[in-house]
Amino acid sequence: QVRVVESGGGLVQPGGSLRLSCTASGRIFSINTMGWYRQAPGKERELVAAITSGGSTNYADSVKGRFTISRDNAKNTVYLQMNSLKPEDTAVYYCNADLRSRSYYATTSHWGQGTQVTVSS
């Protein structure tokens, strides 16, 4: 079994910062891409940022220059540093890990339960 657990959400004022963390645990042989997605009420889930095992990153245009994704491969952990937060960043943030449980298994996608981020004065 694999577990993906996020932490670090909360309430912050506009212009503030938050740091999200996500750790994958359990039967893991290797992790390929890890990413952060978000879903606001009434909207579809969207990619925020992703990072490969080699460190290549990809960001949504709406967060470029404000958010930074990073990763600790030894800890199977990905982080999302969010600065200059705006009310429109309010959403449930989900972590995703594409991984193989064994060397001969296909890659499967695993999601966390989500963490709420609310940006409001």
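The values are calculated or read from the model by the stated rules, or taken from the named source; none is laboratory data. Since the structure is predicted, the reported quantities are computational estimates derived from the model, not experimental observations. Here Cβ is always computed from backbone atoms with ideal geometry, including for glycine, and neighbour counts include all displayed protein chains. What goes into the accessible areas is simple: the full protein's heavy atoms, side chains included, and nothing from ligands, DNA or RNA. Shrake-Rupley method; radii C 1.70, N 1.55, O 1.52, S 1.80 Å.
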Could you please state how large a percent of the accessible area of the stretch 7-121 is carbon and sulfur, counting protein chains only and using a 1.4 Å probe?
46 percent
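Using a 1.4 angstrom probe, figure out how much accessible area the stretch 1-119 has per residue, in square angstrom, rounded to the nearest whole.
Working: 6250 Å² over 119 residues.
Accessible area per residue, the stretch 1-119: 53 Å².
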For the chain, inverting the pair-averaged 1/r of distinct alpha-carbon atoms gives a Kirkwood value in Å of 14.5 Å
Taking the chain as a Gaussian network, where each spring joins two C-alpha atoms under 10 Å apart, which residue of Gly16, Gly26, Gly42 fluctuates the most?
Gly42
Go through the stretch 34-121 and name the GluC sites (Glu not before Pro) that are in a DSSP coil and have 16 or fewer other Cβ atoms within 10 Å of their Cβ.
Glu44
